[in-house]
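Undergrad: I am attaching a structure below and will ask some questions about it afterwards.
Every number in this text was worked out from the coordinates using simple rules, so none of it is lab data. This one's a predicted model, so the numbers in the text were calculated from it and none came from an experiment. Glycine also receives a Cβ, built like all others from the backbone with ideal geometry; neighbour counts cover every protein chain displayed.
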Amino acid sequence: MNNTREVDVVVIGAGQAGLAAAHHLRRSGFEPDRDFVVLDHSPGPGGAWQFRWPSLTYGKVHGMHALPGMELTDADPLRPSAEVIGEYFARYERTFDLRVRRPVDVRTVREGSGGRLLVETSDGVWSTRALINATGTWDRPFWPRYPGQETFRGRQLHTAQYPGPEEFAGRRVVVVGGGASGTQHLLEIASYAAATTWVTRRPPVFREGPFDEEAGRAAVALVEERVRQGLPPRSVVSVTGLPLNDAIRQGIEDGVLDRQPMFDRITPTGVEWDDGRHIDADVILWATGFRAAIDHLAPLRLRAPGGGIRMEGTHAAADPRVHLVGYGPSASTIGANRAGRAAVRDIRRLLEREPAAA
């Protein structure tokens with residue numbers, strides 16, 4: 001194709017994982033635009049953080065780890081996290097001259113010629129010897145399906161669309177989901193809403209005490225084992241439990257975090273259980289998480305029978321050219337940093353073993 005441009009590495013996504021990978025490429029001697037390119041479909045710097053709701057201030061963010069080579073210092077905990085982290089990522093891109101190209105939508109990645117991959121985008125085609133996929137999960141919110149869902153006369157929305165608590169004033173709100181987002185939404189909405197109900201598939205697990213390094217390694221190991229088997233990854237947070245902090249304790253004491261088992265169906269006016277209980281609702285807020293945004297990799301046939309991509313370290317077991325960072329065990333901010341470094345180390349070895357075709 002006449003408009004095809006060649007590089008050694010294409011990085012897809014400029015969130016935490018993508019920027020960490022780009023930084024390590026830079027440190028390893030790869031030049032942006034000549035040896036590698038970073039493609040990002042977002043309108044500006046900040047990864048998924050730029051889309052977070054305004055009431056999620058930086059002080060409420062759990063475990064935001066600094067990008068490699070530049071600390072995030074003196075951030076105002078009362079400012080929206082979208083602003084704080086967006087500005088930090090923008091400064092990081094400038095400081096290390098990463099030359100992120102945006103907005104660029106990656107449509108598909110397929111096999112090319114001469115052992116290369118073709119990355120087809122809204123800005124033309126890139127031919128690359130290796131790929132670092134850092135697309136995260138924000139673009140694939142998970143909406144469960146329940147009987148009667150289409151009959152509900154109120155409003156349904158997902159965490160990805162959450163506008164902040166003020167919009168729920170005077171409403172009867174059902175929040176679905178037992179993760180950090182679900183509890184944060186409930187604690188915010190409760191003082192505005194006419195009533196709130198919390199429902200989850202499994203009883204929530206609250207974690208007492210500090211989450212130390214040993215506990216973190218154990219949690220990551222559980223997620224890692226799933227992707228090694230080719231199963232869809234669960235988030236690291238899903239195996240760590242919810243921290244039992246002062247806000248959570250108060251929410252339990254006030255009855256806001258009084259968890260109910262999952263309803264069996266949705267009716268035009270609310271939700272109901274098989275035992276005959278019914279709760280009227282104006283809004284159902286699905287805090288049900290996200291799935292990995294990897295559909296563009298489908299032509300490479302990387303998925304295992306279990307539905308996920310079987311991994312060896314950071315690369316797909318079926319194709320050592322394709323690295324997934326921020327996927328599975330590296331989905332935390334510190335994990336993304338480490339995965340970016342590991343991916344670049346492996347790509348350097350791969351490219352040294354297989355010199356570019358003349």
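Undergrad: Can you work out ³J(HN,Hα) from phi for every residue in the range 242-254, in order, using Karplus 6.51 cos²θ - 1.76 cosθ + 1.60 and θ = phi - 60°, giving whole Hz and x for Gly and Pro?
TA: Whole-Hz 3J(HN,Hα) from phi for the range 242-254: 9, x, 8, 8, 4, 5, 5, 4, 5, x, 5, 4, 7.
Undergrad: Given the convex hull over the Cα atoms of the chain, what projected area results after averaging over all orientations, in nm²?
TA: Numbers: hull surface 77.1 nm².
That works out to 19.3 nm², a quarter of the Cα hull's surface.
Undergrad: For the range 58-204, how big is Rg over Rh, using alpha carbon atoms and the Kirkwood form of Rh? Working shown, then result.
TA: On the way: Rg = 20.7 Å, Rh = 19.5 Å.
Rg divided by Rh gives 1.06.
Undergrad: Can you check what the net charge comes to around Gly13, using other residues whose Cβ is under 11 Å from the Cβ of Gly13 (Lys, Arg +1; Asp, Glu -1)?
TA: Details: positive: Arg102; negative: Asp40, Asp139.
Taking every Cβ under 11 Å from that of Gly13, the sum is -1.
Undergrad: Counting Lys and Arg as +1 and Asp and Glu as -1, what is the net charge of the other residues whose Cβ lies under 14 Å from the Cβ of Gly136? Could you put the intermediate results ahead of the total?
TA: Values: positive: Arg52, Arg140, Arg291; negative: Asp40, Asp139, Asp295.
It works out to a net charge of 0.
Undergrad: Taking H as built 1.01 Å from N, whose amide H comes closer than 5 Å to the amide H of Gly178, not counting residues under 5 places away?
TA: Residues meeting the criterion, in which the H sits 1.01 Å from N, are Arg201.
Undergrad: If the only charges are +1 at each Lys and Arg Cβ and -1 at each Asp and Glu Cβ, what is the size of the charge dipole of the chain around the Cα centre, to the nearest 20 debye?
TA: Working: 44 positive and 44 negative charges, 198 e Å.
Dipole about the Cα centre, nearest 20: 960 debye.
Undergrad: Mind checking the dipole of the range 255-327: about its Cα centre, +1 per Lys or Arg Cβ, -1 per Asp or Glu Cβ, Debye to the nearest 20? Walk me through the numbers before you get to the answer.
TA: Details: 8 positive and 10 negative charges, 120 e Å.
The calculated dipole for the range 255-327 is roughly 580 debye.
Undergrad: Let me ask something else. I want the local charge near Phe290. Using Cβ-Cβ distances under 9 Å, sum +1 for each Lys or Arg and -1 for each Asp or Glu among the other residues.
TA: Numbers: positive: Arg140, Arg291; negative: Asp139.
Neighbour charge sum, excluding Phe290 itself: +1.
Undergrad: On to the next question. Explain nothing, just the number: dipole magnitude of the range 19-144 about its Cα centre with +1 on each Lys and Arg Cβ and -1 on each Asp and Glu Cβ, in debye rounded to the nearest 20. Write down the numbers at each step before the final one.
TA: On the way: 16 positive and 16 negative charges, 47 e Å.
Dipole size: approximately 220 debye.
Undergrad: Further question on the same structure: Pick out which of Pro32, Pro77, Pro147 has the largest mean-square fluctuation in a Gaussian network model of the chain, springs linking Cα atoms closer than 10 Å.
TA: Maximum fluctuation in the GNM of the chain, among the listed residues, is at Pro147.
Undergrad: Taking a ≥ b ≥ c as the square roots of the Cα gyration tensor eigenvalues, with a/c under 1.5 meaning rounded and otherwise prolate when a/b beats b/c, else oblate, which class fits the range 250-358? Let's see the in-between values first.
TA: Values: a/c = 4.32, a/b = 2.52, b/c = 1.72.
In terms of gyration-tensor shape, prolate.
Undergrad: Counting DSSP beta bridges in the chain, what percent are antiparallel, to the nearest 5? Walk me through the numbers before you get to the answer.
TA: Working: 23 of 58 bridges.
Counting DSSP beta bridges with both partners in the chain, the antiparallel share is about 40 percent.
Undergrad: Sticking with this one: Mean residue ellipticity at 222 nm from the helices of the chain, using -39,500 (n - 2.57) per DSSP H segment of n ≥ 4 over the full residue count, to the nearest 500 deg cm²/dmol? Walk me through the intermediate numbers first.
TA: Working: 6 runs with 83 residues, N = 358.
So the calculated ellipticity at 222 nm is -7500 deg cm²/dmol.
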